[in-house]
Amino acid sequence: MIVDLFLYFTVYSFIGWLMETAFASITHSKFINRGFLIGPFTPIYGFGAILIILSSNWIENVLGNHYTSLFISILISTLLVTVLEFITGFALEKVFNAKWWDYSDNAMNIKGYVCLKYSLLWGILALFLLKVVHPFLDEIIYSIPALVKRYITAFLAVYFLIDTYKSVISTLNLRKAVMNYSNMSTRKYREIIV
């Protein structure tokens, strides 16, 4: 089960990266690599998908009725992923002193981390995930032999650890360089003025 969840996480992180990168690249008419990691993964989508899948399974087991379960799953998924997005945005800003996204210009936003428009989009994506994407991916993952899944998971876990480490170091180094450049500019400016 854990191995399967990790594989789902990886695939959905990649799909999220594809969606984010395509949207940003089309919007800005040039390639933009979206996300925190260096590689082609946006983990918030992987975590969001796992939250949606697990909560939906739990709700289905508790309620039983398919349509009621689906409706409640979409509502709870929307709430859970919105909370995840808020926590992630807040944490990234506190740790790296930068915003990876900003919804401040959107109506009904909370500190620019979340807004109604994108929360509703999460709900639509949750429906699409539960009814179309996940059943298809579940069959593919189920068909992979257990030993092969374990090797793939081990490789991907090492990859994610290395990518996360490199991404954090790179971001901190960039932040330090910008701060040093800013301080140097201020000092030079003061020398000229004073």
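Each of 160, 7, 47 was placed along the dipole of the chain (beta-carbon charges, centred on the mean Cα), and the one lying farthest toward the positive end is 160.
In segment 67-104, which residues have a backbone nitrogen under 14 Å from the label point lying 7 Å from residue 168's Cα in the Cα-to-Cβ direction? Those under the cut-off are 92, 95-96.
Computed over the alpha carbons of the chain, Rg followed by Dmax gives 20.2, 75 Å. Between the Cα long axis of helix 134-143 and the first principal axis of the chain there is an angle of about 80°, rounded to the nearest 10.
Extension gain for residue 146 to residue 75 (0.36 nm times residue separation, less C-alpha to C-alpha distance): 22.2 nm. Here residue 99 is the anchor, and the aspartates and glutamates within straight C-alpha reach of less than 19 Å, apart from those fewer than 8 places off in the same chain, are 20, 85.
The angle between the Cα long axis of helix 2-28 and the longest principal axis of the Cα atoms of the chain comes to about 50 degrees, rounded to the nearest 10. For the chain, the relative contact order works out to 20 percent when only alpha carbon pairs closer than 8 Å and six or more residues apart are counted. Of the solvent-accessible surface of the chain, computed with a 1.4 Å probe over protein heavy atoms with every protein chain present, carbon and sulfur atoms account for 71 percent.
Which net charge results when you count Lys and Arg as +1 and Asp and Glu as -1 among the other residues whose beta-carbon is under 11 Å from that of residue 101?
Details: positive: 34, 99; negative: 20, 85, 93, 102.
Its environment carries a net charge of -2.
Looking at segment 67-161, the accessible area is 64 square angstrom per residue; that uses a 1.4 Å probe and ignores ligands, DNA and RNA.
The values are calculated or read from the model by the stated rules, or taken from the named source; none is laboratory data. Because the structure is predicted, anything quoted here is derived from the model rather than measured. Positions of Cβ are generated from backbone atoms using ideal geometry, with glycine treated the same way; all protein chains shown enter the neighbour counts. These accessible areas exclude ligands, DNA and RNA; they are computed on the full protein's heavy atoms, side chains included. Shrake-Rupley method; radii C 1.70, N 1.55, O 1.52, S 1.80 Å.
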